[in-house]
Ligand SMILES: Cc1ncc(C[n+]2csc(CCOP(=O)(O)OP(=O)(O)O)c2C)c(N)n1
Ligand SMILES: [Mg+2]
């Protein structure tokens, strides 16, 4: 399906206009012609609908820059440019651009996706009080009360941005206005748990709110948390233990020593779990063993895992890069993995890796830091490579690059792929960069750079990078632009109508 038809696909299913299309048409009706942004959940469909409506969309690498660009369009043309951002961290990154536009009195509309209204206060994916957050940086900040209310809110935002003293305006679009709901169906192993002990973890989006169909409706949670306000969020626990998990687990273990108990290893639940682990493993191995080029994520991570020192610190960010990496790259010790975390913020990786390398240098000389970045994630703070080189931190940076073209590709097949691209990374219009040589960012500052396209090249460059304990290195790993995760039973981060 050509990408111009993607936005229409949701509409056809629903038999009526999607929120994305209503937004795009309302903007066009206001003679808004340029949009800059970084797409992702839940705004990708808005960018596609905007293009369909004839709005020029430019996919940027960081929302701050996108916001500067949109406000400059406002200044140059007299009609506001739009900056389109994802919820939470995406919106927060745009605040610098909003403040700048407001101070310059340049017209700007920021459109931010936000979490679904039905998940408000539950700890939804990238939930954040966005309308309130934008108030200080804008003339007008609002969320339409319904899809029908979108055109009048957009009209008001455009008017406010140019009337009187021009400035920035914010329109908040909840995910459920944009996306069709995806049915969650098949239910596997963990669902059969009847008691779950939560040690400090929150029952937010990461744990599917503790709700069916991911869990049995009558599952009993034993919740241990240091924060009293967290106890009972989304699910009423069978038992709550308020306290530091270090102290509470010590007390629990002392009790277990007195009255030992073990879940019967031959139970049905264990059987299902073991089967699921086996089939997951087999599927990952099958994907990893694929010999075809360009490589897929599983092949890459399989070869990386083989060489990772057991005590290394793994830093990771990206969408597939992080999610698949999480399942293949093992970490054996506590606090040895840092990633985009609960808020899913892209751009944290290099800062985390620098911090980890400095701490390792002080406390555990010789310990390695491996930073596994999606190409888009890397783009958010790639210039920190200069910091890495300036401080001589021997970080091994892997950029898993699905935004470039494998040199052996024939032009026709990659042209075909442009129609699909990587919806998260490659902002529409889908386009790949024929010469995305991220390794040059490292060599520019004196580190080692590798461009790899095959498992053998990956193995060799990783071996060299790990053997070098003084210089940082960056391995630019070309993978199949359409590579993706194996099919998921439960959707959260991956939910989109595309
Ligand atoms: C600050 C911020 N802006 C935007 C997003 C939306 N987002 C989620 S993952 C992602 C990038 C994923 O691409 P990449 O890092 O190349 O990983 P891939 O899935 O291609 O492996 C983006 C832009 C975000 N999470 N945080
Ligand atoms: Mg990518």
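Throughout, read-outs are computed from the coordinates displayed, never taken from laboratory work. Since this is a predicted model, take the numbers as computed values, not measurements. Every residue, glycine as well, gets a Cβ built from its backbone with ideal geometry; the counts of neighbours run over all protein chains shown.
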Antiparallel bridge percentage (DSSP; both residues within the chain; nearest 5): 0 percent
Give me the one-decimal nm value for the distance between modelled label points at residue 17 and residue 103, 7 Å along each residue's Cα-to-Cβ direction. 3.8 nm
Dividing the Cα radius of gyration by the Kirkwood radius, what Rg/Rh value follows for the stretch 57-152? 0.97
At what distance in angstrom do the alpha carbon centres of the stretch 50-109 and the stretch 322-344 lie from each other? 32 Å
Share of Cα-Cα pairs in the stretch 191-347 beyond 20 Å, in percent? 66 percent
Here the averaged projected area of the stretch 288-478, based on the convex hull of its alpha-carbon atoms and given in nm², is 10.3 nm²
Simple spin-label model, 7 Å along Cα-to-Cβ: residue 193 to residue 117 in nm? 3.3 nm
Starting from the Cα-Cα distance between residue 457 and residue 311, subtract it from 0.36 nm times their residue separation and give me the gain in nm to one decimal. 50.1 nm
Stokes-Einstein diffusion coefficient for the stretch 189-261 at 37 °C in a medium of 0.692 mPa s, Rh from the Kirkwood formula over Cα pairs: what value in µm²/s? 255 µm²/s
Just want to confirm a number: the relative contact order over the stretch 20-93, from Cα pairs under 8 angstrom separated by 6+ residues, in percent. 38 percent
Go ahead and run the numbers for FRET between residue 445 and residue 206, Cβ-Cβ distance against an R0 of 60 Å, rounding to 0.05. 0.95
Taking R0 as 41 Å, what's the FRET efficiency between residue 29 and residue 482 from their Cβ-Cβ distance, rounded to 0.05? 0.70
More than 20 Å apart: what percent of Cα pairs in the stretch 257-353 qualify? 54 percent
Ranked list, fewest to most other Cβ atoms within 10 Å of each Cβ, for 257, 244, 225: 257, 244, 225
Net lengthening on full extension, residue 331/residue 222 (0.36 nm per residue, minus Cα-Cα): 36.6 nm
Over all distinct Cα pairs, what is the inverse of the mean 1/r for the chain, reported as the Kirkwood hydrodynamic radius in Å? 24.4 Å
In vacuo Debye scattering of the stretch 8-108, one point per C-alpha: log10 I(q)/I(0) at q = 0.11, 0.22, 0.24 Å⁻¹? -0.31, -1.09, -1.23
For a bin width of 5 Å, list the pair-distance distribution of the stretch 76-126 built from all Cα-Cα distances, rounded to whole %. 5, 20, 23, 20, 13, 10, 7, 3, 0
Compute the length gained on full extension between residue 145 and residue 253: take 0.36 nm times their separation in residues and subtract their Cα-Cα distance, giving the result in nm to one decimal. 33.8 nm
Compute the distance in nm between two label points, each set 7 Å from the Cα along the Cα-to-Cβ direction, one at residue 392 and one at residue 285. 4.5 nm
Quick one, can you get me the convex hull of the C-alpha atoms of the stretch 2-178 expressed as volume per residue in Å³? 98 Å³
Over all Cα pairs of the stretch 102-173, the Kirkwood radius sets Rh, and Rg/Rh then becomes 1.01
Value of [θ]222 nm, deg cm²/dmol, for the chain, DSSP H segments ≥ 4, -39500 (n - 2.57) each, nearest 500: -12000 deg cm²/dmol
